[in-house]
Amino acid sequence: MKRRLLAFIFLLTLLLPCPLKAAVFYPQTKTLDNELQIVVVENHLSPAAAFMLFYKVGAADDPKGQTGLAHFLEHMMFKGTRDVPKGAFSAKIAALGGQENAYTTKDYTAYHTSLAAERLEDIFALEADRMKNLLLDPQETLRERDVVLNERKERTDNSPQGIFAEKMNEALYGAHPYAAPIIGKKQDIQNFTPQIVRDFYERHYAPSRAILVVSGAVQPQEIFALAQKYFGEISAPSFAAAPLPVWTREKGTIAVEHKDERVKQAFFVRRWVLPEIKVQSREALAFDVLAELLAGGEVGLAFRHFVLDQNSATSLSASADTLTRGPVSFVLSATPAPDHDVRDLERDVMRFLQELAQKGLTARTVVEAKQRMKDSAIFARDRLMAPAQILGATLAAGYDLSFIEDWPEHIDTVTTKDVHQALQTLLHAPYQARGILEGGA
Amino acid sequence: MNRLILFFLLLLLWPVHAHAESTPVIQRIKSPKGLEAWLIEDHKLPLIAFQFAFEGGVETDSPDKQGLSVLMASLLTQGAGSYDEKAFQDALAAASIALDVEAGRDRITGTMKTLARNKDEAFKFLALALTSPRFEQSSFVRLKRQMQTLRKIQSAKPAWMSRYTLYRHIFQAHPYSQRALGTAQSLEALTREDIKTHHANLLARDNLSVAVVGAITAQELAPLLDQIFGALPEKSTRPNIPPVVWPKAPARTLVKRQGEQTEILFAAPMLPRHDPDWHAAQIANYILGGGGFTARLMTALRAHQGLTYGISTDLIAMEKASLLIGSVATGNTQVRPALDLLQTVWQDFYKNGAAEPEITAAQDFLTGSLPLSLTSTDAMAAMLLAMQTQKLGMDYLARYKERVRAVTKDQVQRVIQKWFDPQQLSFAMAGAPDNVTFNVVYDKIDD
Ligand SMILES: [Zn+2]
């Protein structure tokens, strides 16, 4: 229970999108003439549906000196259109018994509404309307800056973990756009004007840059028909997304040692960027298996060693981010047990990885880790919104649906040698950041 | 914006219900030994969600043994029968069985999720965990240390600081004011004997509720209940916990914390869950602060003034107390204007009540969102369990909609008059707010 909780808290502070443990959802898909792609996943467990609209634009697309713009636009999307004034969007959805919200990641922006399946049509109308008719009222824009600055305080400025996560991100990614905070830097947020937001909106929000995913108690043909009815007429100039810049960071491991009086419990984080690993490849998936093998459940090798056998850590977690537009990355973190030094623990964990690489991995531990991952695919179907989130994120990052549908098979093809190679790669990776957050001034 | 979602998820009995025909069929199962479970049989997915509760949780820890219930509950899954902690966790992982037992304020709750193909193993390990846990010395020491670490992490968070001090003011000497993870001293003093005694006292058949959803039939389930719980003692031994007596006067407390922002929590007494006016209170809460972006407080403080990223209120019904509770965070210099505006909005609500269209909108949401609380086998099982522990009746889901619709404007106004008086609000803050006075100021809180 504890370890999972700690891992969860840590993930929240990183502000990364959820790591994917995907599943086979049997989706049906169709693309309209205006290039809007529609994906439907049937799930008749309850008479509800999740409607998600993904725009293939995220924090990594924020222009220079305008960090946080994609996220800011996400906020403004709730501020009204000509026909649906400010506040009416939320009021309408509430009256339908629905719950709506949105989130921005480094790669995409997603809007979601969950509600009784029979009331779905109204959401099509509302989402199509704000895809093209956003008001972006000047006064509302200024007021929303204050809201976002407050959000930034809550997530980052007032939280040692939040500040630390930002520093780690900068150290790891250097000049790459993934280095910047998704919510944006304070001085950038303060400078947003209605015109800046409008330019960004008109450039990026169009059917050709969007993916509509519906999961729940629905029939695919009906969803396709509704999509045609409400989105079919929207035509907008279609810009291709600018590709992410090439990787230019200097080689080396950058250290972030952050002290904050408010911190009572120290922990360390090690992060790797792996630009040489081909995304969507077997060698990339090997990092997912490695994370599960090291820290999955309460049985991961490193978790076992440090939390159960050595009693020198109270938690240890690892995860890979392989479903991404930019480079693949890997993260490992651990919290020392009482009376144990965080630097000693960091040293011991790194030594453990080296010894593991020398000793080699047993086929059995790899097979077991892969089995747990494949089983997790079945559990993912027992959620209303998760299938839509996973498939939308996949397409938004530029992958095919088959990447998820064949995921269990792909995982199966990962060999013990691949996982061992992934571990070797980490140990010799040229782009790393190591960080310690601790108390004291 | 995720904070809001979280808030929705946290609402224990998030309103529910759209159509009578869509309410799942609930079966009441009796085992040969007389144990009861509520079941929704559904074979759409090859999964089973199994949840249970034993009445009596953290509230049963004596003041010098704070942390006992949480430690006991966590140890149940660290080795049982002939399986030591590693063998036990290995076996669960190999079959992808997720098993968690946790101690809440009023009860110990457990959740198990398994693939249908592994159900025999899953039920075997569940039975072992509950009836023959090993409580080994090594696991005992390890989890204690983990709890010490968790306490440190938790006690550095401003949201925890404000909640802890608010509860200390409201609950005073009542067990509800205790720390679930214990104090440094109480944790240190706990012995394995304490754990064994607590387990024997608390896990019994007379304080048990069971909820099951998924690919399993009534015929399969009935004998399993005896297999899992049959070896537990017939009767639990629990202290009698009195209802909370609220302090005479509300208070304002501050925990000093450096930073740019202040975390503010506020609460007032609320009517109990079984009160016939409960749904009227839900409606009033929805209009004032519970209704996300449509609520009056959110509209005033965020949408009109940009004073905060979020403000919301909620009803919390515990066994021995009910609370109207809310939270907001804002910059230190904005605390005063935020509090003033909150007071103005709240006072207006108290004085003039809710308008007819607002009440209708609240009813629309509360009734229309029923399907959203039943979207997974886990969510359904949690609902079935809550219906039992809170004694809502088997027809709760089927009748929810008509009950919410039956609430009248007079009823809502009466509830507002009685339970939404802004003078009753206590505030607990963590931060460095400008221009606010307090009854109690803590320089720090012991971790
Ligand atoms: Zn936001």
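Consider region B:160-204. How many of its residues are part of a helix (DSSP H, G or I), in contact with a Leu (Cβ under 8 Å, 6 or more places away or on another chain) and within 14 Å of chain A (Cβ to nearest Cβ)?
2
Pick from A:LEU6, A:LEU32, A:LEU45, A:LEU14: which is within 14 Å of another protein chain (Cβ to nearest Cβ), open to solvent by less than 30 Å² (accessible area, probe 1.4 Å) and modelled with pLDDT of 75 or more?
Among A:LEU6, A:LEU32, A:LEU45, A:LEU14, only A:LEU45 is within 14 Å of another protein chain (Cβ to nearest Cβ), open to solvent by less than 30 Å² (accessible area, probe 1.4 Å) and modelled with pLDDT of 75 or more.
Between a first residue in region B:361-385 that is at the interface with chain A (Cβ under 7 Å from one of its Cβ atoms) and a second residue that is open to solvent by less than 10 Å² (accessible area, probe 1.4 Å) and of a type in the set (D, E, K, R), which pairs have beta carbons less than 6 Å apart while being 6 or more apart in sequence or on different chains?
B:SER376/A:ASP382; B:THR377/A:ASP382
Just wondering, is there one or more residues in region B:209-230 that are open to solvent by 30 Å² or more (accessible area, probe 1.4 Å), in contact with a Pro (Cβ under 7 Å, 6 or more places away or on another chain) and in contact (Cβ under 8 Å) with a residue 40 or more places away in the chain?
yes
Quick check on this structure: which one of B:ALA159, B:ALA173, B:ALA103 is under 18 Å from the mean Cα position of the chain (by Cα), among the aliphatic types (A, V, I, L, M) and open to solvent by 30 Å² or more (accessible area, probe 1.4 Å)?
One residue alone meets the criteria, B:ALA159.
Within region B:34-66, work out how many residues are more than 14 Å from chain A (Cβ to nearest Cβ) and of a type in the set (A, V, I, L, M).
Count: 5.
Could you figure out which of (1) within 16 Å of the ligand (Cβ to nearest atom); (2) of a type outside the set (D, E, K, R); (3) at pLDDT 95 or above; (4) out of contact with any strand residue (DSSP E or B) (no Cβ under 6 Å at 6 or more places or on another chain) isn't true of B:LEU307?
Of (1) within 16 Å of the ligand (Cβ to nearest atom); (2) of a type outside the set (D, E, K, R); (3) at pLDDT 95 or above; (4) out of contact with any strand residue (DSSP E or B) (no Cβ under 6 Å at 6 or more places or on another chain), only one is false for B:LEU307: (4).
Restricting to region A:358-381, and then to whatever is open to solvent by less than 10 Å² (accessible area, probe 1.4 Å) and more than 20 Å from the chain's Cα centre (by Cα), can you tell me which residue is nearest to the other protein chains (Cβ to nearest Cβ)?
Looking at residues that are open to solvent by less than 10 Å² (accessible area, probe 1.4 Å) and more than 20 Å from the chain's Cα centre (by Cα), I get A:ASP375.
Does any residue of region B:247-261 turn out to be farther than 30 Å from A:LEU149 by Cβ and among the aliphatic types (A, V, I, L, M)?
yes
Could you tell me whether A:GLU346 is in contact (Cβ under 8 Å) with a residue 12 or more places away in the chain, surrounded by 18 or more Cβ atoms within 10 Å (Cβ to Cβ) and touching a helix residue (DSSP H, G or I) at 6+ places or on another chain (Cβ under 7 Å)?
So A:GLU346 does not fit the description; no.
When you scan region A:263-307, how many residues do you find that are assigned to a strand (DSSP E or B) and either open to solvent by less than 20 Å² (accessible area, probe 1.4 Å) or without any contact (Cβ under 8 Å) to a residue 24 or more places away in the chain (or both)?
6
Scan region A:119-131 and tell me whether some residue there is open to solvent by 10 Å² or more (accessible area, probe 1.4 Å), within 14 Å of the ligand (Cβ to nearest atom) and not small (Gly, Ala, Ser).
no
Taking region A:73-118, which residues are more than 16 Å from the ligand (Cβ to nearest atom), of a type in the set (Val, Ile, Thr) and within 25 Å of the chain's Cα centre (by Cα)?
Passing the criteria: only A:THR113.
Give me a count of the residues in region A:182-200 that are assigned to a helix (DSSP H, G or I) and away from the ligand (no atom under 16 Å from the Cβ).
Qualifying residue count for the region: 6.
Scan region B:209-221 and tell me whether some residue there is part of a loop (DSSP other than H, G, I, E, B) and within 14 Å of another protein chain (Cβ to nearest Cβ).
yes
Here is a list of conditions, (1) hydrophobic (A, V, I, L, M, F, W, C); (2) within 16 Å of the ligand (Cβ to nearest atom); (3) surrounded by fewer than 24 Cβ atoms within 10 Å (Cβ to Cβ), and A:VAL57 meets all of them except one; can you say which number that is?
Every condition holds for A:VAL57 apart from (3).
Out of (1) in contact (Cβ under 8 Å) with a residue 12 or more places away in the chain; (2) more than 16 Å from the ligand (Cβ to nearest atom), what's the single condition that is false for A:ALA179?
Among (1) in contact (Cβ under 8 Å) with a residue 12 or more places away in the chain; (2) more than 16 Å from the ligand (Cβ to nearest atom), A:ALA179 violates only (1).
Collect the residues in region A:169-181 that are open to solvent by 20 Å² or more (accessible area, probe 1.4 Å), within 18 Å of A:GLU151 (Cβ to Cβ) and not in a helix (DSSP H, G or I), keeping them in residue-number order.
Correct list: A:ALA180 only.
For B:TYR286, are the conditions met, namely being closer than 22 Å to B:ASP364 by Cβ and within 13 Å of chain A (Cβ to nearest Cβ)?
Spelling it out, B:TYR286 is indeed closer than 22 Å to B:ASP364 by Cβ and within 13 Å of chain A (Cβ to nearest Cβ).
Where residues in region B:223-260 are among the polar types (S, T, N, Q) and under 26 Å from the mean Cα position of the chain (by Cα), which of them is farthest from B:GLY57 (Cα to Cα)?
B:THR253
I'd like to check which strands (runs of 3 or more DSSP E) are fully inside region B:47-116 and have at least 1 residues that are among the aromatic types (Phe, Trp, Tyr).
Per the criteria, B:47-55.
Looking at the structure I just gave you, is A:ALA397 open to solvent by less than 20 Å² (accessible area, probe 1.4 Å) and at pLDDT 95 or above?
no
If I ask for residues that are open to solvent by 20 Å² or more (accessible area, probe 1.4 Å), aliphatic (A, V, I, L, M) and within 12 Å of the ligand (Cβ to nearest atom), which ones from region A:138-159 would you list?
Matches in region A:138-159: A:LEU149 only.
Quick one: which helices (runs of 4 or more DSSP H) sit completely within region A:57-161 and have at least 1 residues that are of a type outside the set (D, E, K, R) and at the interface with chain B (Cβ under 7 Å from one of its Cβ atoms)?
Result: A:88-95, A:138-152.
The values are calculated or read from the model by the stated rules, or taken from the named source; none is laboratory data. Small disclaimer: the values here were computed from a predicted structure and weren't measured. Cβ coordinates were reconstructed from backbone atoms using ideal geometry, including for glycine residues, and neighbour counts include every protein chain displayed. Side chains are part of the model used for accessible areas, which takes the heavy atoms of the whole protein and leaves out ligands, DNA and RNA. Shrake-Rupley method; radii C 1.70, N 1.55, O 1.52, S 1.80 Å.
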